[in-house]
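Written out below as structure tokens is the structure these notes cover.
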Amino acid sequence: MRNFDETTITEAVLARVANAADPRVRAVSEALVRHLHAFVREIEPSFSEWEAAIGFLTGTGALCDDKRQEFILLSDTLGVSMLVDAINHRLPDGATETTVLGPFFVAAAPELPLGADMSPGVEGDPLYVTGSVTDPEGRPITGAIVDTWHSDDDGYYDVQKPAEEEGHFAMRGRFRTDAQGRFHFRTIKPAAYPIPHDGPVGKMLEAQGRHPWRPAHVHFMISAPGYETLVTHIFEEGDRYLDSDAVFGVKDSLIRAWPRHEAGQAPDASTSAVPFHTLTYDFGLKRLD
Ligand code: BEZ
Ligand code: FE
């Protein structure tokens, strides 16, 4: 077959990929070709636009290494990450809703005793976090691992700090739920922050008339044998970016007030010399099929 033109090229490529031995590879390849060709027909790019698109993707790849994943950021900011998340988390009642993982999770965060301060020496308003982990019927899960992390009150994660501070964990920790499925810890109140926007994704957001900000949140990854690992965040009620999160990650069920309290007795029965905030959330895990 030869002499392909605008009207015949799509069918020709579809015929070529139809020989794939793996049916999933065939289905994915066919959908890719159909949608990509339809996109190009709709856009009718000039050659310089096509070159700019190749340059954009090349720049996105060039910025990826073991610390920076510009392609995932692109997926996040185009709503693809949350779409994939939604397709893979059709949850039963009683299971907490999910949201994006983000680039700042560290698998090796230290396990801390219940009640520990996971941000010692970090400047910011104290935040006392309490909660529970249950099955979808509300029965407590003992020994669940609650892995949690968040930004400081300038909006930076520990892993974004200068190289000399590398390996120093702050504003992150892992806790194990007690016999009642409960956990609690102390930290500082995180702030809203812009996603990394000094690369191609930042340029795209600017060209699209969008800001790079995410509302203030605390990340949670909660796991227990026999249950699907839950990846989610809890957002602060009233944050100005709840309706315009750069990565489309906000859900009503994940928003809570983080009320401010005057100095005095804290939830862990200690005395706080300064005003503090509290955050409480009860998580439900989905049973593995
Ligand atoms: C985060 O919440 O850590 C995050 C999520 C997606 C992109 C960038 C940051
Ligand atoms: Fe985050």
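Out of (1) exposed (fewer than 14 other Cβ atoms within 10 Å of the Cβ); (2) touching a residue at least 40 places away in the same chain (Cβ under 8 Å); (3) not charged (D, E, K, R), the odd one out for PHE56 is which?
Going through (1) exposed (fewer than 14 other Cβ atoms within 10 Å of the Cβ); (2) touching a residue at least 40 places away in the same chain (Cβ under 8 Å); (3) not charged (D, E, K, R) one by one, PHE56 breaks only (1).
Hey, among the residues in region 250-280 that are among the hydroxyl-bearing types (Ser, Thr, Tyr) and in contact with a Ser or Thr (Cβ under 8 Å, 6 or more places away or on another chain), which one's surrounded by the fewest Cβ atoms within 10 Å (Cβ to Cβ)?
Among those that are among the hydroxyl-bearing types (Ser, Thr, Tyr) and in contact with a Ser or Thr (Cβ under 8 Å, 6 or more places away or on another chain), it is SER253.
With the requirement that a residue be within 15 Å of ILE145 (Cα to Cα) and without any contact (Cβ under 8 Å) to a residue 24 or more places away in the chain, what does region 216-253 give you?
Residues satisfying the conditions are PRO225, THR229.
Out of (1) farther than 30 Å from THR77 by Cα; (2) surrounded by fewer than 16 Cβ atoms within 10 Å (Cβ to Cβ), the odd one out for ILE141 is which?
Looking at each condition in turn, ILE141 falls short on (2).
Being assigned to a helix (DSSP H, G or I), assigned by TED's automatic domain parsing to the domain that holds PRO194 and of a type in the set (Asp, Glu) is true for just one of ASP85, ASP93. Which residue is that?
The conditions single out ASP85.
Among the residues of region 50-66, are any within 20 Å of LEU205 (Cα to Cα) and in a loop (DSSP other than H, G, I, E, B)?
We begin by selecting, within region 50-66, every residue within 20 Å of LEU205 (Cα to Cα); these are 50-64.
Of the ones still in play, those that are also in a loop (DSSP other than H, G, I, E, B) are 63-64.
Yes: one or more hits.
Here are HIS233, HIS261: which of them is assigned by TED's automatic domain parsing to the domain that holds VAL106 and within 16 Å of ligand 2 (Cβ to nearest atom)?
None of the others qualify; the one that does is HIS233.
If only one of ARG68, ARG16 is out of contact with any Cys (no Cβ under 6 Å at 6 or more places or on another chain), within 30 Å of MET221 (Cα to Cα) and among the basic types (Lys, Arg), which one is it?
Working: ARG16 fails: within 30 Å of MET221 (Cα to Cα).
Just one listed residue meets the conditions, ARG68.
Tally the residues that are acidic (Asp, Glu) and either at positive phi or within 16 Å of ligand 1 (Cβ to nearest atom) (or both), restricting the search to region 135-164.
Step one: list which residues in region 135-164 are acidic (Asp, Glu), which gives 135, 137, 147, 152-154, 158, 164.
Keeping just the survivors that are either at positive phi or within 16 Å of ligand 1 (Cβ to nearest atom) (or both) gives 147, 152-154, 158.
Residues that pass the stated criteria total 5.
Open to solvent by 90 Å² or more (accessible area, probe 1.4 Å) and over 17 Å from GLU6 (Cβ atoms): does that describe GLU51?
Taking the combined requirement at face value, the residue satisfies it.
Show the residue pairs that are 6+ apart or on different chains and have beta-carbon atoms under 9 Å apart, the first residue being within region 102-131 and assigned to a loop (DSSP other than H, G, I, E, B) and among the aromatic types (Phe, Trp, Tyr), the second being open to solvent by 20 Å² or more (accessible area, probe 1.4 Å) and within 16 Å of ligand 1 (Cβ to nearest atom).
Here the result reads PHE104/VAL159; PHE104/GLN160; PHE105/MET221; PHE105/VAL231, each pair linking region 102-131 to a residue that is open to solvent by 20 Å² or more (accessible area, probe 1.4 Å) and within 16 Å of ligand 1 (Cβ to nearest atom).
So in region 85-114, with the set limited to residues that are of a type in the set (Asp, Glu) and surrounded by 15 or more Cβ atoms within 10 Å (Cβ to Cβ), which one is farthest from PRO140 (Cα to Cα)?
Here is the first cut: in region 85-114, the ones of a type in the set (Asp, Glu) are 85, 93, 97, 111.
When the remaining residues are screened for being surrounded by 15 or more Cβ atoms within 10 Å (Cβ to Cβ), the result is 85, 97.
Working: ASP85: 26, GLU97: 18 Å.
My answer is ASP85.
Those residues that are more than 10 Å from ligand 1 (Cβ to nearest atom) and open to solvent by less than 30 Å² (accessible area, probe 1.4 Å), I need them from region 191-203; list them, please.
ALA191, ALA192, GLY199, PRO200, GLY202, listed by residue number.
With the checklist (1) more than 16 Å from ligand 2 (Cβ to nearest atom); (2) surrounded by 18 or more Cβ atoms within 10 Å (Cβ to Cβ); (3) in a loop (DSSP other than H, G, I, E, B) in hand, flag the one item PHE183 doesn't pass.
(3)
If the requirement is being touching a Phe, Trp or Tyr at 6+ places or on another chain (Cβ under 6 Å) and at pLDDT below 95, which of these qualifies: GLY167, GLY155?
Among GLY167, GLY155, only GLY155 is touching a Phe, Trp or Tyr at 6+ places or on another chain (Cβ under 6 Å) and at pLDDT below 95.
If a residue has to be within 30 Å of THR60 (Cα to Cα) and either part of a strand (DSSP E or B) or away from ligand 2 (no atom under 16 Å from the Cβ) (or both) to count, how many in region 186-198 make the cut? I'd like the intermediate steps shown before the answer.
Within region 186-198, the subset within 30 Å of THR60 (Cα to Cα) is 190-198.
With either part of a strand (DSSP E or B) or away from ligand 2 (no atom under 16 Å from the Cβ) (or both) added as a condition, the list becomes 193-194, 198.
Total satisfying the criteria: 3.
From the residues in region 167-180 that are closer than 19 Å to ASP152 by Cβ and not in a strand (DSSP E or B), which one is nearest to ligand 2 (Cβ to nearest atom)?
By that ranking, first place goes to MET171.
The values are calculated or read from the model by the stated rules, or taken from the named source; none is laboratory data. Computed from a predicted structure; not experimentally measured. In this analysis, Cβ positions are derived from the backbone assuming ideal geometry, glycine residues included, and neighbour counts consider all displayed protein chains. Accessible surface areas use protein heavy atoms only, side chains included; no ligands, DNA or RNA. Shrake-Rupley method; radii C 1.70, N 1.55, O 1.52, S 1.80 Å.
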